[in-house]
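**Student:** Okay, here's the structure, questions in a sec.
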Amino acid sequence: LVAPLVVDPSGTPEASVGLFPTPARERNHALKLDKLTRAPGRTCPFPDQTGPVDWASGCAWLLRAEAAREVGPLDERFFMYFDDVDYCRRLWSSGWQVLATRTVQVEHRAGHGSSATGALAAEGGMSPTRYFEKHFTAREAERATRWLVRGWQLRAMAHQVANWFGRPDAAARAARYRQALARTRGAQ
């Protein structure tokens, strides 16, 4: 699989490649340690040269037909989020590589497909939990989900505070995190 450099409409590169999630990386993401201290989190820098990455965003891929036949389709238990991470993990497990290249660039309008509805929970809702349940022991998946929930709680509070200070999009963002929390609690 080869993935291009993904940019937003202004031409700014998006975080579109990463390391496979682990409970420790989920903790770093939840507490924003990946941003504050550069501890490994969900994403990693896009390589300067064409090279291997653990996973690449599924917004644009070039995938060999032979690899697709061997690995099969995307796992339908994931909806819009973490399906790409899971698929890349399955590729690597089957002996295929996932590469990222700057020689091709695509524009991605992040969130545009879900912007007409507030129905999608933040950060993929249950998809990260499903990923951990699929690829880790029950204990590790539970630990990762606890960090996921803590991160969502912190983000919901931060967006609510931002809303109080007049940031117009913050109320909707806080609502999406509360929705993710409600779905996660309902599944437990």
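**Student:** Please pull out the direction-averaged projected area of the chain, using the convex hull of its alpha-carbon atoms, in nm² to one decimal place.
**Tutor:** On the way: hull surface 45.4 nm².
In nm², the orientation-averaged hull projection of the chain is 11.3.
**Student:** Using a simple spin-label model with points 7 Å from Cα along the Cα→Cβ vector, what separation in nm is obtained for residue 171 and residue 20?
**Tutor:** Result: 4.3 nm between the two label points.
**Student:** Report the extension gain between residue 93 and residue 50 in nm, rounded to one decimal, defined as 0.36 nm multiplied by the number of residues separating them, less their alpha carbon distance.
**Tutor:** Net length gain for the segment: 13.4 nm.
**Student:** Also, I was wondering about something else. Can you show me the helix-derived [θ] at 222 nm for the chain, built from DSSP H runs with n ≥ 4 at -39,500 (n - 2.57) apiece and divided by the number of residues, rounded to the nearest 500.
**Tutor:** -14000 deg cm²/dmol
**Student:** For a Förster distance of 25 Å, can you work out the FRET efficiency between the beta-carbons of residue 32 and residue 102, rounded to the nearest 0.05?
**Tutor:** Rounded to the nearest 0.05, the efficiency is 0.40.
**Student:** Determine the equivalent ellipsoid of the stretch 18-70 by diagonalising the alpha-carbon gyration tensor, then write out the semi-axes as square roots of 5 times the eigenvalues, largest first, rounded to whole Å.
**Tutor:** That gives 27, 13, 8 Å for the three semi-axes.
**Student:** Provide the per residue accessible area, probe 1.4 Å, for the chain, rounded to a whole number of square angstrom.
**Tutor:** 56 Å²
**Student:** Suppose we keep just the DSSP beta bridges with both residues in the chain; what percent of those would be antiparallel, to 5?
**Tutor:** The antiparallel fraction comes to roughly 50 percent.
**Student:** Ignoring any ligand, DNA or RNA, what whole percent of the accessible area of the chain comes from carbon and sulfur when the probe is 1.4 angstrom? Mind showing how you got there, number by number?
**Tutor:** On the way: 5780 of 10540 Å².
Looking at the chain in its full context, I get 55 percent from C and S.
**Student:** Related question: For residue 79 and residue 134 in the same chain, what is the full-extension length gain: residue separation times 0.36 nm, less their Cα-Cα distance, in nm?
**Tutor:** Result: 18.3 nm gained on full extension.
**Student:** What distance in nm lies between label points placed 7 Å from Cα along the C-beta direction at residue 67 and residue 7?
**Tutor:** 2.4 nm
**Student:** What are the extents of the Cα atoms of the stretch 1-96 along their three principal axes, listed from largest to smallest and rounded to whole Å?
**Tutor:** 41, 32, 24
The values are calculated or read from the model by the stated rules, or taken from the named source; none is laboratory data. Model, not experiment: these values are computed from the prediction. Positions of Cβ are generated from backbone atoms using ideal geometry, with glycine treated the same way; all protein chains shown enter the neighbour counts. With ligands, DNA and RNA removed, areas are computed over all heavy atoms of the protein, side chains included. Shrake-Rupley method; radii C 1.70, N 1.55, O 1.52, S 1.80 Å.
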